[in-house]
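Below: the structure, in structure tokens.
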Amino acid sequence: MHKEIKDRQYNMNRRAFLSKSALGIGGAALTSLLGCGLGGGGMPEEQIANSLNGILSEGKLHFAPKAKRVIYLFQSGGPSQFELFDHKPLLNKLRGEDLPESIRRGQRLTGMTSGQDAFPLVGSQFAFKKHGQSGSELSELLPYTSKVADDICIIKSMHTDAINHDPAITFFQTGSQQPGRPCIGSWLSYGLGSMNENLPTFTVLLSRGTGRKFGQPLYSRLWGNGFLHSLHQGVQFRSAKDPVLFLQDPKGMNRQSRRKMIDLVADLNQKHMEEFGDPEISSRISQYEMAYRMQSSVPEIMDTSGEPDHIYRMYGAESMQPGTFSANALLARRLAEKGVRFIQLYHMGWDQHDNLPGAIANQAKDVDQASAALIMDLKQRGMLEETLVVWGGEFGRTNYSQGLLTDTNYGRDHHPRCFSIWMAGGGVKPGITYGKTDEFGYNIVENPVHVHDFQATLLHQLGINHEKFTYKYQGRRFRLTDVSGDVIHDILS
């Protein structure tokens, strides 16, 4: 007998033995290893059987949700809070003077500025004004966001544990600086399930900004399922001819043939599942079915040609150019309308270590109009109250210049100790500013908000107690917020 056949026969026999052993003592061990949160009850196969239902569906939420879905406008690279949200006139008065050690307090620096002999303070060269009845102070770089100042909650006291991009973005998305954990969208897919059987529960859209076009890259693991089942991973929609890779039928295959093929494959997979008990087989069956349904639903959702002219004007001229932030923001609204649970937009280009004034002006222009339009569009459709919108990056920027400070130019390094984001809708109080930094914009002096606090609050608005929402893996119960996090009740209505 051929060696490869012998090897396969041996492996199949070994797998069969192990899987059948699971019916006895091994079954208890397997249940312990794979058992899910909320007491670990139930095998994952039972939860996968109907991928539309999350483990918290059908009245099992911890409390009544304020939001049904999330649109997360992630600004990759770390937007400078000084040029956008956190006005610090003192920095302009002390321009060029060295950052006092009493303010820095020995905080660690990145390798890009740790060798500098001095840390010259630099304020924003852009003007700030108060807007709306709330009086929220915003930069002139955000004229459209200023128009929705009374609809957003600006948090100026965010802080994080990471000082470099990859761990910092991973921390925001998964609750850990180390890769391998499920991201927010995967957790919500697992917990809440889908609201539309023809579209993924969790979708991802990418755009590249004009600020620093080829800055920090993004990795697909940021929308990965980690140790959750693979049906919970995010599905990336591209701006190319095929929005989702490998979705189209091969040449010569019609829909009837495709349906017959999927049914036959599902039968084979089901028999394989019954024999070996591998929960990923059930995931694969669900994915084949979803791919079949997406063949008609995805092209429909991606085709925005039917949108009226006033919507294009609202989102800006770039909303007609696939792959731009504006076009993706419009798609986010369409996906939200169709019942997609978690919509993640990543916009790259905010990592401005040099030439910050010019770069951030362009970058802000990329996103300002469309971000505000999304708020207004959701509001006019009666969807904002049940849609939580988040805008922000992985950390902030330093109050001192990285490298040479000139009369017209400067850069800023990474600053995890304090930075700004905003949230809107989904039961968040509109028109408020929360948290405060010192007059140097270097340390938080009022209402600090950690990344895990932000994640706990996001889950809370969807009806989930972050401490009870766990998944048992390798003997430990994991959660999005790891071992900390408090809901920020002060910003909730």
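The values are calculated or read from the model by the stated rules, or taken from the named source; none is laboratory data. From a predicted model like this one, the values you see are computed outputs, not experimental measurements. FYI the Cβ positions are ideal-geometry reconstructions off the backbone, even for glycines, and counts take in every protein chain you see.
In a residue-by-residue description of region 104-122, the property of being free of Cβ contacts under 8 Å to residues at least 60 places away in the same chain, buried (at least 19 other Cβ atoms within 10 Å of the Cβ) and in the same structural domain as Leu222 (by TED's automatic domain parsing) applies to no position.
For (1) buried (at least 18 other Cβ atoms within 10 Å of the Cβ); (2) small (Gly, Ala, Ser); (3) in the same structural domain as Leu188 (by TED's automatic domain parsing), each residue gets a yes or a no:
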site: Gly441; (1), (2), (3): yes, yes, yes
site: Ile444; (1), (2), (3): yes, no, yes
site: Ala456; (1), (2), (3): yes, yes, yes
site: Ile464; (1), (2), (3): yes, no, yes
site: Lys472; (1), (2), (3): yes, no, yes
site: Arg476; (1), (2), (3): no, no, yes
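Note on region 472-484: residues that are touching a strand residue (DSSP E or B) at 6+ places or on another chain (Cβ under 8 Å) and closer than 16 Å to Gly191 by Cβ total 4.
Scanning region 114-164 for residues that are out of contact with any Ser or Thr (no Cβ under 8 Å at 6 or more places or on another chain), basic (Lys, Arg) and within 30 Å of Glu101 (Cβ to Cβ) turns up nothing. The test for being in contact (Cβ under 8 Å) with a residue 60 or more places away in the chain and within 17 Å of the chain's Cα centre (by Cα) does not hold for Met314.
Among the candidates Ile464, Ile491, Ile444, Ile432, which residue alone is over 30 Å from Pro89 (Cβ atoms) and among the hydrophobic types (A, V, I, L, M, F, W, C)?
Numbers: Ile491 fails: over 30 Å from Pro89 (Cβ atoms); Ile444 fails: over 30 Å from Pro89 (Cβ atoms); Ile432 fails: over 30 Å from Pro89 (Cβ atoms).
Residue meeting the stated conditions: Ile464.
Evaluating Gln178 against the criteria (1) in contact (Cβ under 8 Å) with a residue 24 or more places away in the chain; (2) out of contact with any Ser or Thr (no Cβ under 6 Å at 6 or more places or on another chain); (3) surrounded by fewer than 19 Cβ atoms within 10 Å (Cβ to Cβ) leaves one unmet condition, (1). Residue pairs whose Cβ atoms lie under 6 Å apart, separated by 6 or more positions or on different chains, with the first residue in region 373-402 and of a type outside the set (A, V, I, L, M, F, W, C) and the second part of a strand (DSSP E or B) and surrounded by fewer than 23 Cβ atoms within 10 Å (Cβ to Cβ), are Tyr400/Pro120; Ser401/Pro120. Considering Gln369, Gln344, Gln363, the condition of being surrounded by 24 or more Cβ atoms within 10 Å (Cβ to Cβ), modelled with pLDDT of 95 or more and touching a strand residue (DSSP E or B) at 6+ places or on another chain (Cβ under 7 Å) is satisfied by Gln344 alone.
Just one of (1) assigned to a helix (DSSP H, G or I); (2) farther than 23 Å from Leu335 by Cα fails for Glu385. It is (2). Among the residues making up region 198-221, those that are within 26 Å of Ile163 (Cα to Cα), crowded, with 22+ Cβ neighbours inside 10 Å and modelled with pLDDT of 85 or more are Val204, Leu205, Ser207, Gly209. Of note, Phe419 does not satisfy the criterion of being surrounded by fewer than 23 Cβ atoms within 10 Å (Cβ to Cβ), among the hydrophobic types (A, V, I, L, M, F, W, C) and in the same structural domain as Leu462 (by TED's automatic domain parsing).
Among (1) surrounded by 13 or more Cβ atoms within 10 Å (Cβ to Cβ); (2) modelled with pLDDT of 95 or more; (3) more than 18 Å from Ile360 (Cβ to Cβ), which single condition is Leu91 missing? Tallying (1) surrounded by 13 or more Cβ atoms within 10 Å (Cβ to Cβ); (2) modelled with pLDDT of 95 or more; (3) more than 18 Å from Ile360 (Cβ to Cβ), Leu91 fails exactly one: (3). Taking (1) part of a helix (DSSP H, G or I); (2) surrounded by 24 or more Cβ atoms within 10 Å (Cβ to Cβ) in turn, His452 satisfies each apart from (2). The single condition from (1) under 30 Å from Thr408 (Cα atoms); (2) of a type outside the set (D, E, K, R); (3) not in a loop (DSSP other than H, G, I, E, B) that Asn328 fails is (1).
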